[in-house]
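Derivation of every value follows stated rules applied to the coordinates shown; laboratory data play no part. All values reported here derive from a predicted model rather than from experimental measurement. Every residue, glycine as well, gets a Cβ built from its backbone with ideal geometry; the counts of neighbours run over all protein chains shown.
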Amino acid sequence: MKKLIFIFLFYFLLIYNSSLSSNDNLNNLKIGLLAPFSGDYENLGNSLLLSTQLALSEIGDNRIVIIPKDTGSDNKEKFENALKEIIDRGAKIIIGPPDSKYFNILEKYNDLIFISLSNKQPKIKNNIISIGISLESQLDAIENFILNQNKKKTVIMYPQNEYASFVENKIKNLKLKNYKLFKYNSDPKVLTGEIEKLTNYSQRKKNLEYRKKILEDKDDEDSERELKKLDQMYTLGKVNFDSIIIIDFGNSLKSVLASLAFTDVDDKEILFTTVNQWFDESIFYENSVKNLYYPSIDLKNFKQYNKSYFETFKLKPNEITILAYDAIGLIYYVWKKNNGIKSINDFLIKDKIKGKIGNFSFNNGVVFQKLEIYKTNKNKFTKF
């Protein structure tokens, strides 16, 4: 199957590149695509290419020409060569790169416009527009949700890694009045001990043992009923917060959820929120927390996109490729509206843009997505 996909994409790229000479028309909209078609991330690159093809087929304007070039995976020299090849083909607008690793290289190409899929540096800066689901948009949705639930004390949890300072910088803009930052070690052996301190687990456990000893010396019915109830509990006493924001993903997020459950933090009493998880269904199998809320893109559109992609290519798309689909739509919209694209200022649009991810807008040069809150419940995602 993988060989068939490779052959398909090889000829797809060949047809694209060989057709450029016949499509070299001033009326054409040339869009470069910087993506890894080789190396560890080739599946992502291939999925991005197919996503742009899906967008083109739905737009139906043969004046749009995609120029895909292979950046390799974590290969600076190959990245720069791919960029030069796209420039030689005459494209002034480029989708990519998927992340922010080579932003410093892009900044020197002031005559080009890059639509990056990264969620970092979402400001329109010089020649780069990042349309990834920004942390600002996610935190805005989360804090509004927490405030609407009338929560008063929030713990913001995030791992101690290379992104910690980036997260801390974004947290500064929160409107929450009473919150505590909690930076943790992602190593499960260390993590549980850190969360035990956060939740005052040892003292709450002692409270339970002490109360049970008092009741054991009594023989009245009320004491017996209370003791029977305490036998079903692990701790006694409340934690010093009523809501949690966990800025983490994947197995690391699951470890945090498991540690909170172990320290007897009840998700029926405490509001559990996290950042966008792209509707990752593996979270359903994390039994420690049943009520988890997070902001994300429009679920209905996400399902429709996945369905169209699968029906067209008989493959499942990488989740972030929906951004490449929207990037094509955004570029085409600006191109049609302005009868061409002269500079990055053409993207300073006052109107709200409706894409597959939902509504997004450009406010003072900042890309902002309007995200919905979803809840994991009974093995499905429900809009709150």
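Full extension of the chain between Asn178 and Glu269 gives 31.0 nm of extra length, using 0.36 nm per residue less the Cα-Cα distance. What is segment 73-186 by shape, rounded, prolate or oblate, if you read a ≥ b ≥ c off the alpha carbon gyration tensor as root eigenvalues and call it rounded for a/c under 1.5, prolate for a/b larger than b/c, and oblate otherwise? Because a/c hits 1.5 or more and a/b exceeds b/c, segment 73-186 counts as prolate. For the chain, the relative contact order works out to 16 percent when only alpha carbon pairs closer than 8 Å and six or more residues apart are counted.
Hey, which of these cross-link pairs are over 21 Å Cα-Cα: Lys350/Lys383; Lys205/Lys268; Lys101/Lys370; Lys314/Lys354; Lys197/Lys375; Lys206/Lys254?
Lys350/Lys383; Lys101/Lys370; Lys314/Lys354; Lys197/Lys375; Lys206/Lys254
Can you bin the chain into rounded, prolate or oblate? Criterion: square roots of the alpha carbon gyration tensor eigenvalues sorted a ≥ b ≥ c, rounded for a/c under 1.5, prolate for a/b above b/c, oblate for the rest.
prolate
For Lys151, the aspartates and glutamates whose Cα comes closer than 16 Å to its Cα, not counting residues fewer than 8 places off in the same chain, are Asp140, Glu143, Asp242, Asp266, Asp267, Glu269. Bridging of Lys337 to aspartates and glutamates at a Cα separation below 20 Å is possible for Glu58, Asp61, Asp326, Asp346, Asp351, once same-chain residues fewer than 8 apart are set aside. Summary of packing: across the peptides 78-86, 298-306, the per-residue average of other C-beta atoms within 10 Å ranks them, highest first, as 78-86, 298-306. Neighbour counts of C-beta atoms inside 10 Å place Trp278, Trp335 in the sequence Trp278, Trp335, starting with the fewest. As a ratio to 2.2 N^0.38 Å, the alpha-carbon radius of gyration computed for segment 280-369 takes the value 1.36. Only sites in a loop by DSSP and with at most 11 other Cβ atoms within 10 Å count here; which GluC sites (Glu not before Pro) in segment 240-343 make the cut? Counting only loop positions with at most 11 other Cβ atoms within 10 Å, the GluC sites (Glu not before Pro) in segment 240-343 are Glu269.
Counting only residues 5 or more places away or on other chains, whose amide H sits under 5 Å from the amide H of Leu292 once H atoms are built in the peptide plane? Counting only residues 5 or more places away or on other chains, the set is Thr376. Here's the list of aspartates and glutamates a cross-link from Lys213 could span, going by alpha-carbon distance under 17 Å and ignoring same-chain residues fewer than 8 apart: Glu221, Asp222, Glu224, Glu226, Asp231.
Per-residue Karplus couplings for segment 164-174, computed as 6.51 cos²θ - 1.76 cosθ + 1.60 with θ equal to phi - 60°, are listed in order as 4, 5, 4, 5, 4, 5, 6, 5, 4, 8, 5 Hz, Gly and Pro entered as x.
Across segment 94-143 the C-alpha pair distances fall into 10 Å bins from zero in the proportions 28, 51, 17, 4 percent.
Within the listed set Gly237, Gly72, Gly96, the residue fluctuating most in the Gaussian network model of the chain (springs between alpha-carbon atoms under 10 angstrom) is Gly237. Summarising the strand pairing of the chain, around 35 percent of its internal DSSP beta bridges are antiparallel.
Using a 10 Å cut-off around each Cβ, can you sort Tyr163, Tyr285 from fewest to most neighbouring Cβ atoms? Could you put the intermediate results ahead of the total?
Values: Tyr163 13, Tyr285 8.
Ranked by crowding around the Cβ, least crowded first: Tyr285, Tyr163.
For segment 265-275, 3J(HN,Hα) computed residue by residue from phi via the Karplus equation (6.51, -1.76, 1.60; θ = phi - 60°) reads 8, 7, 6, 7, 9, 9, 7, 9, 10, 8, 8 Hz, glycine and proline entered as x. Think of it as helices only: each DSSP H run of n ≥ 4 in the chain is worth -39500 (n - 2.57), and spread over all residues that comes to -13000 deg cm²/dmol at 222 nm.
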